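The values are calculated or read from the model by the stated rules, or taken from the named source; none is laboratory data. Bear in mind that the values here come from a model prediction, so they are computed numbers and not experimental data. Here the Cβ is made from the backbone with ideal geometry for all residues, glycine too, and neighbour counts use every protein chain on show.
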Amino acid sequence: MSSIKKIAVVTGSNKGIGFAIVRALCTQFDGDVILTARDEGRGQQAVTDLKKEGLSPKFHQLDITDHDSIVKLKSFLQSTYGGLDILVNNAGISYTVASTTPFSEQAEVSVKTNFLGTLDVCDTLFPLLRPHARVVNVSSMFSQKIIKECSPENQAKLKDASITMDTLKTILQDFVDATKSNTHEAKGWPRSALGMSKIGVTVMTFIQQRMLQGDPREDIVINACCPGYVTTDMYKFKGHKTIDEGADTPVYLAMLPPNCTSPNGNFVSDRKIQQWG
Ligand code: NDP
């Protein structure tokens, strides 16, 4: 019987930290690595660039805000590999401080992409995860900073150890709705679209880890992380880490050895578990 080929998927990997995560996995992971991008041309170009470095990533289109696109990736993984071993949810967006986009639109689009898009990828692809799979949700230290700017009542809701995914979705929707009537601050929410969307990603990870504890597939480990302040398009190349340095913690989490007990269900930066919230 032929052995099963292992497979890793990295979202939003045509540039920035995701690109460097693919680069590192191509050298460290014993299996195929799929570079995904919402734009086919940008994705294929990134694959060509890595091939020039002697690496062999595969390509598949993936827009995390487009459910059909996620389902197409799932079908491809199912038929070609029969499962999934590493999923790095890296794709994300951020508005600049100088952006003139109305705050309510920034809130809606940030939550839709960073939180709901990532959650849809997880909900769709998790059935494919094999025993010993590793999932990494790229969040941000910003989620740590911004939760402290929520009212004590809202902080308590978000830090509730038994919070459900439905409650988390409702909380994020309430925040988005409140921005439309400019009542978010009165309702105890901060003026940070990115921060709220990344709080969603971090808390989502804690919930997913709890849900996976009862899963019959053994040793599936999921963590959230911050890559650090990295020089990419996102922050106009002002960060102090290179993309390869930014990829270090996500790749470390993606490559955690079989049957590791920690980190699991944690928020990690610089390879260290951080007290969150
Ligand atoms: P970049 O802007 O360089 O890269 C973001 C990537 O996400 C791009 O490939 C982009 O594709 C992709 N993307 C955006 N929206 C979608 C979508 N709907 N579907 C699929 N892909 C999408 O940013 P970084 O590399 O800096 O960021 C990577 C991750 O790291 C993000 O989640 C970010 O929040 C997080 N992070 C970054 C920090 C930093 O200092 N840079 C700090 C903390 C967290 P496209 O080219 O088509 O736009």
Tell me whether the stretch 95-112 contains one or more residues that are within 17 Å of the chain's Cα centre (by Cα), buried (at least 20 other Cβ atoms within 10 Å of the Cβ) and within 9 Å of the ligand (Cβ to nearest atom). no
Residues located in the stretch 72-94, provided they are more than 14 Å from the ligand (Cβ to nearest atom) and touching a helix residue (DSSP H, G or I) at 6+ places or on another chain (Cβ under 9 Å): Lys74, Leu77, Gln78, Tyr81, Gly82, Gly83, Leu84, Ile86
Based on what the data block shows, is Phe115 aromatic (Phe, Trp, Tyr), modelled with pLDDT of 95 or more and more than 16 Å from the ligand (Cβ to nearest atom)? no
How about the stretch 229-275: which of its residues are near the ligand (Cβ under 8 Å from one of its atoms) and not charged (D, E, K, R)? Tyr229, Val230, Thr231, Thr232, Met234, Tyr235, Gly239, Ile243, Gly246
Among the residues of the stretch 52-67, is any of a type outside the set (Phe, Trp, Tyr), part of a helix (DSSP H, G or I) and out of contact with any Leu (no Cβ under 6 Å at 6 or more places or on another chain)? yes
So, of the residues in the stretch 53-71 that are loosely packed, with under 12 Cβ neighbours inside 10 Å and among the small types (Gly, Ala, Ser), which turns out to be farthest from the ligand (Cβ to nearest atom)? Gly54
Among the residues of the stretch 23-48, the number that are out of contact with any strand residue (DSSP E or B) (no Cβ under 8 Å at 6 or more places or on another chain) and more than 13 Å from the ligand (Cβ to nearest atom) is 5
Regarding the stretch 186-195, can at least one residue be identified that is within 24 Å of Phe19 (Cα to Cα) and either within 16 Å of the ligand (Cβ to nearest atom) or in contact (Cβ under 8 Å) with a residue 24 or more places away in the chain (or both)? yes
Check Gly18 against each of (1) more than 9 Å from the ligand (Cβ to nearest atom); (2) touching a residue at least 40 places away in the same chain (Cβ under 8 Å); (3) assigned to a helix (DSSP H, G or I) and name the one condition it does not meet. (1)
